[in-house]
């Protein structure tokens with residue numbers, strides 16, 4: 001049986017996270033996994049090459065850059081995609097700690113294993129929470145998503161430290 005891995009991302013361009021997603025998707029496909037990429041619709045050389053290599057795409061019904069808030073609140077889109085694709089594992093490839101919160105909640109509800117790869121962490125993201133009503137609710141949610149992930153990968157030690165100090169990621173020994 002071929003395992004199905006879904007790469008769910010809020011980056012649909014050709015920047016750093018998109019480049020990472022591209023390399024991971026191609027590598028997994030070459031190793032015999034069935035790979036589906038979930039992102040906002042895009043027609044660029046990376047998507048075209050992925051499609052030529054047999055990687056399927058599911059398009060989000062919103063633009064994750066101009067409508068970023070939907071990645072936090074639109075659980076309906078994630079539920080529809082997960083129900084349709086039936087992944088064995090989800091790789092949340094996030095541009096920031098706030099990315100894809102609604103989809104992570106759905107993955108927890110459907111008991112789909114996932115891991116989180118975070119492309120960028122900045123103190124200003126934590127400050128965003130402080131400006132929201134009841135900021136502790138968002139931080140508790142993020143902490144829960146991190147705790148339930150099979151792995152959390154950051155691009156640098158500095159980013160990992162910020163995830164621990166500002167966003168509730170428990171130290172490895174406490175997970």
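The values are calculated or read from the model by the stated rules, or taken from the named source; none is laboratory data. Owing to the predicted nature of the structure, the values given are computational and were not obtained by experimental measurement. Using ideal geometry, Cβ is built from the backbone for each residue, glycine included, and neighbour counts are taken over all protein chains shown.
Taking the conditions (1) assigned to a helix (DSSP H, G or I); (2) over 20 Å from residue 113 (Cβ atoms); (3) touching a residue at least 40 places away in the same chain (Cβ under 8 Å) in turn, residue 65 satisfies each one other than (1).
Counting just the residues of segment 1-19 that are buried (at least 18 other Cβ atoms within 10 Å of the Cβ) and at pLDDT below 95, which one comes out nearest to the chain's Cα centre (by Cα)? Restricting to residues being buried (at least 18 other Cβ atoms within 10 Å of the Cβ) and at pLDDT below 95, the top hit is 10.
Comparison of 25, 18, 107, 103 shows that the only residue that is in contact (Cβ under 8 Å) with a residue 12 or more places away in the chain and more than 21 Å from residue 150 (Cα to Cα) is 18.
Scanning segment 28-50 for residues that are touching a strand residue (DSSP E or B) at 6+ places or on another chain (Cβ under 7 Å) and either in a helix (DSSP H, G or I) or without any contact (Cβ under 8 Å) to a residue 12 or more places away in the chain (or both) yields 28, 29, 47, 50.
Quick check on my filter: what residues within segment 148-163 are over 24 Å from residue 109 (Cα atoms) and surrounded by 15 or more Cβ atoms within 10 Å (Cβ to Cβ)? Scanning segment 148-163 gives 154, 155, 159, 160, 162. Apart from one condition, residue 85 fits all of (1) surrounded by 15 or more Cβ atoms within 10 Å (Cβ to Cβ); (2) within 18 Å of residue 145 (Cβ to Cβ); the exception is (2).
Take residue 72 and tell me if it is surrounded by 14 or more Cβ atoms within 10 Å (Cβ to Cβ), touching a helix residue (DSSP H, G or I) at 6+ places or on another chain (Cβ under 6 Å) and in contact (Cβ under 8 Å) with a residue 24 or more places away in the chain. For residue 72, the condition - surrounded by 14 or more Cβ atoms within 10 Å (Cβ to Cβ), touching a helix residue (DSSP H, G or I) at 6+ places or on another chain (Cβ under 6 Å) and in contact (Cβ under 8 Å) with a residue 24 or more places away in the chain - is met.
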